[in-house]
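Colleague: Sharing a structure here in structure tokens format.
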Amino acid sequence: MTQFKNILLGHGSGGRLSHELITSLFIKHFSNKILLQQTDAALLDMASGKIAMTTDAFVVDPIFFPGGDIGKLAIAGTVNDLAVSGASPAYLSVSFIIEEGLPFLALEKIVRSMAEEALSAGIHIVTGDTKVVDRGKCDKIFITTSGVGQQRKEANQLATGKLISPGDKIIVNGFIGDHGMAVMSARNQLNIKAKIESDCASLNGMIDQVWENAGNIHFMRDATRGGLGTVMCEIVADKSWGINLFEQDIPVRTEVRGMCELLGFDPLYVANEGKVVMVVGSVVADKVMETLRKHEFGRNAVIIGEIVPQHAGKVWLHTSIGGKRIVDMPAGEQLPRIC
């Protein structure tokens, strides 16, 4: 049972409090062999093979931000949860909770954005629901999406991390922290001259190309709410091996780094909405990199670390000044309502 009497913002952070809430409450009462996998998408056995199913809710504030809006975010977030699980996204459902008084033009802009992103990702919105609540009962608009897709046969163990072994390389497809800082600057109307835009994007097309041209992907996850650091901690938890990350190789824009330093954030834990972390076999790492860099969403892909037999269950960051520090799971919420 959780030690807290009331729900905190940190329980929605994707970090330690979120994991505690999931294990002590949701897993406790909903427990079954599929849910216990705790993957981005559930793998379900069907007559035609395995399908992946995922669901997500979006409450970002503000609903419009540089590089996207809550509608684009809802489509891309759900598409990416399926794609990083090794599935080809096919169908989406969408549910809207709308606050009375939301301008119709704002809603139309969001819906149009969703339609455009769905078309770009090659996925169909096939069903949905709409509720309108009294003023003050929700903040403008909340969106919930669910998605399904056909699972690749070669990816059935992908989301579990069971294929990972020492020697594997860790790859990220570009600059981290863009989404979190874009939303932060829009939310607080900060007078920052540097233009920072969200990286919000559907990555299924890029990921498909990696499968087709390189394969041998041992693990994937999109680095959303808890950022890159949280994904690293999730990968290594309770494992017999460890992770080495190299700070000098982790791509962070100068503008994002400067804003993080100004506001006291660590880029490792800042949210992304267009970044996938891949763990791949060392023999195909160069081919994976070559494939990623040919795609618009992977042009800045880099190898940022590796799986090592030392320091089991720990993530060590080799700093740019020659030191080492442990990367731990964040306890609370750095930036609430970021997605």
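Where a number appears in this text, it was derived from the coordinates with a stated rule and is not lab data. Because the structure is a prediction, the values reported are computed rather than measured. As a convention, Cβ positions derive from the backbone with ideal geometry for all residues, glycine included, and neighbour counts pool all protein chains shown.
Colleague: Do any trypsin sites (Lys or Arg not before Pro) in region 1-70 lie in a loop, going by DSSP, with at most 15 other beta-carbon atoms within 10 Å of their beta carbon, and if so which?
Modeller: Those satisfying the criteria are Lys5, Lys33.
Colleague: Please give the length that would be gained between Ser240 and Leu35 if that part of the chain were fully extended, namely 0.36 nm times their separation in residues minus their C-alpha to C-alpha distance (nm, one decimal).
Modeller: 71.5 nm
Colleague: Given a Förster distance of 25 angstrom, what is the FRET efficiency for Phe4 paired with Ser165, based on the Cβ-Cβ distance and rounded to 0.05?
Modeller: Result of the calculation: an efficiency of 0.10.
Colleague: Mind telling me which of Asn32, Asn300, Asn156 comes out most flexible in a GNM of the chain, alpha-carbon contacts under 10 Å?
Modeller: Asn32
Colleague: Please list 76-86, 115-125 highest first by mean number of surrounding beta-carbon atoms within 10 Å per residue.
Modeller: 76-86, 115-125
Colleague: Now for a separate question. Within 10 Å of each residue's Cβ, count the other Cβ atoms and sort Met329, Met278 from fewest upward.
Modeller: By the 10 Å Cβ count, ascending, the order reads Met329, Met278.
Colleague: What length, rounded to one decimal in nm, is gained on full extension from Ser48 through to Phe64, with 0.36 nm per residue of separation minus their alpha-carbon distance?
Modeller: Gain in length upon complete extension: 1.8 nm.
Colleague: Note down the nm distance, to one decimal, between modelled labels 7 Å out along Cα→Cβ at Glu108 and at Ser120.
Modeller: That separation, rounded to one decimal, is 2.2 nm.
Colleague: Restricting the calculation to Cα positions, tell me the Rg (one decimal) and the Dmax (whole number) of the chain in Å.
Modeller: Reported Rg and Dmax, both Å: 19.3, 57.
Colleague: Using the Karplus equation 6.51 cos²θ - 1.76 cosθ + 1.60 (θ = phi - 60°), what ³J(HN,Hα) coupling, rounded to whole Hz, does each residue of region 156-166 give in order, writing x for Gly and Pro?
Modeller: 5, 9, 4, 6, 7, x, 5, 7, 6, 8, x
Colleague: Could you please state, rounded to a whole Å, how far the C-alpha centre of region 14-47 is from the C-alpha centre of region 232-283?
Modeller: The distance from the Cα centre of region 14-47 to that of region 232-283 comes to 24 Å.
Colleague: Enumerate the amide H contacts of Ser85 below 5 Å, restricted to partners 5 or more residues apart or on another chain; note that Pro and chain-start residues carry no placed amide H.
Modeller: It is none; the list stays empty.
Colleague: Among 140-151, 284-295, 316-327, 210-221, how do they line up by average Cβ neighbours within 10 Å per residue, starting with the highest?
Modeller: 140-151, 210-221, 284-295, 316-327
Colleague: While we're looking at this one, here's another question. Take the Cα of Arg337, step 7 Å along the line toward its Cβ, and report every residue of region 50-89 whose backbone nitrogen sits under 20 Å from that point.
Modeller: Within reach of a label on Arg337, which here means backbone N under 20 Å from a point 7 Å along Cα→Cβ, region 50-89 contributes 56-75, 77.
Colleague: If you plug each phi of region 130-141 into the Karplus form 6.51 cos²θ - 1.76 cosθ + 1.60 with θ = phi - 60°, what whole-Hz ³J(HN,Hα) values come out, in order, with x for Gly and Pro?
Modeller: Residue by residue, region 130-141 yields 9, 10, 10, 10, 4, 3, x, 8, 8, 9, 6, 7 Hz.
Colleague: Which stretch or stretches of region 149-178 have amide N atoms under 18 Å from the point lying 7 Å from Ala90's Cα along the Cα→Cβ direction?
Modeller: 149-156
Colleague: Just grab the label-to-label distance for Ser282 and Lys195, each label 7 Å out from Cα along the Cβ direction, in nm (one decimal).
Modeller: A separation of 4.3 nm, rounded to one decimal place.
Colleague: Taking 35 Å as R0, compute the FRET efficiency from the Cβ-Cβ separation of His311 and Arg187 and round it to 0.05.
Modeller: Plugging the Cβ-Cβ distance into 1/(1 + (r/R0)^6) gives 0.40.
Colleague: Which value at 222 nm does the chain reach when only helices count, each DSSP H run of 4 or more adding -39,500 (n - 2.57), with the total divided by all residues and rounded to the nearest 500 deg cm²/dmol?
Modeller: The helix-only estimate for the chain comes to -8000 deg cm²/dmol at 222 nm.
Colleague: Restricting to Cα pairs below 8 Å that are 6+ residues apart, what does the relative contact order work out to for region 39-155? Please round to a whole percent.
Modeller: Relative contact order, region 39-155: 41 percent.
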